[in-house]
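Q: This is the structure I have questions about; it appears just below.
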Amino acid sequence: MVELKQLITEAKPHWCPGCGDFGLLMGVRQAISELGIPPENVVIASGIGCASHLPNYVQTYGIHSIHGRSLPVATGVKLANPELTVLMYAGDGDGYGIGMGHFIHSMRRNVDMTYMVADNQIYGLTKGQASPTSAEGMKTISTPHGNPETPVNPIFLAIASGATFVARGFAGDVRHFTDILKQAINHKGFSLIDCMQPCVTYNKINTYQWVQQRAYKLGPDHDPTNMALAIDKALEFPDKIPLGVIYKQDKPSYLDIANYIKGPVAKEKIGNDIDVKKLIDAYR
Ligand SMILES: Cc1ncc(C[n+]2csc(CCOP(=O)(O)OP(=O)(O)O)c2C)c(N)n1
Ligand code: SF4
């Protein structure tokens, strides 16, 4: 058991009071602690945005990378050292907007990593522009006449793209989110958790209350291995918001089939016996 206090950093979160990122941060620390994963074996990668500050607040390894790029960075980490537990944390603009290409390819590739998207349906850090999950018709500073675009349905898209573990959590229910995250980390393959994460400052529509009025927890009667049923659940949003593991399938992960990876490259000894001069001469 890793004590929770071991995972708290000296740096204190500077999110707005009440921001949904606080609840999800608590869940990330709890999951690592309850699973007893040594903090030095965890890497958390993020992109840019309010959410992406999270790696600064968990006492593990972390990479605060560039906008939309947590997935390729994390993939490199996992391939270099498959012994590590690799988590990613990003906002919806980061994950489903600028990082959309990486999102789809990571899912079909099925690298064994866990992706949490803090979905507040707005750009928080840049002060309230419409994001890929903002509702159609929503008025924001970038859509003063109402958002003309159809929002991305990340759960539906993830199932269609080949993700092998697709879930939804809620920052307002930390215990439930922690339990989903523990299952996602234990899942062999790519896991997505779309996290309802209210932005209390710039999104006055999709509030904690808005989520609570629509959310319900999937019970034992839901069969997450049934793709058609999972798609039905995905399409309930936004009228109803099912929380829990929506879809799951067993499939070999990228590392199981990419047999060119013989062991942690990161642990290979780089000896002095490499003759760099020969290589340089070859290009003269
Ligand atoms: C290449 C690039 N384009 C745009 C930006 C500006 N930018 C920074 S964060 C952000 C969006 C943040 O929204 P989201 O990803 O939803 O995260 P949140 O802040 O809501 O947690 C944007 C557009 C940037 N940093 N880099
Ligand atoms: S702007 Fe929104 S997302 Fe960013 S810290 Fe404040 S409440 Fe959270």
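The values are calculated or read from the model by the stated rules, or taken from the named source; none is laboratory data. In this text, all values refer to a predicted model and were calculated from it rather than measured experimentally. Here the Cβ is made from the backbone with ideal geometry for all residues, glycine too, and neighbour counts use every protein chain on show. With ligands, DNA and RNA removed, areas are computed over all heavy atoms of the protein, side chains included. Shrake-Rupley method; radii C 1.70, N 1.55, O 1.52, S 1.80 Å.
Q: Would you work out what percent of the accessible area of the chain, with all protein chains in place, is carbon or sulfur (probe 1.4 Å)?
A: So the carbon and sulfur contribution to the accessible surface is 57 percent.
Q: What lysines does Lys5 reach when the alpha-carbon gap must be under 20 Å and sequence neighbours fewer than 8 apart in one chain are set aside?
A: Cross-link targets: Lys182.
Q: Could you please report the charge total around Glu236, scoring K, R as +1 and D, E as -1 over all other residues with beta-carbon less than 12 angstrom from its beta-carbon?
A: +2
Q: Can you tell me what share of the DSSP beta bridges in the range 1-135 is antiparallel? A percent to the nearest 5 is fine.
A: Antiparallel bridges: around 5 percent, rounded to the nearest 5.
Q: Right, something else. Across the Cα atoms of the range 117-212, what radius of gyration and what greatest pairwise Cα-Cα distance (Dmax) are found, in Å?
A: Cα-based Rg and Dmax for the range 117-212 come out at 14.5, 45 Å.
Q: Size of the dipole of the range 67-138 about the Cα centre, Lys and Arg at +1 and Asp and Glu at -1 on the beta carbon, nothing else charged, in debye to 20?
A: Magnitude of the dipole: close to 200 debye.
Q: Compute for the chain: radius of gyration divided by Kirkwood radius, i.e. Rg/Rh, restricted to C-alpha atoms, rounded to two decimals.
A: 1.01
Q: Here is a further query. Report the antiparallel proportion of the DSSP beta bridges in the chain as a percent, rounded to a multiple of 5. Write down the numbers at each step before the final one.
A: On the way: 5 of 34 bridges.
The antiparallel fraction comes to roughly 15 percent.
Q: Here's a follow-up. Any idea of the accessible area per residue across the chain, 1.4 Å probe, to the nearest Å²?
A: That works out to 48 Å² for each residue.
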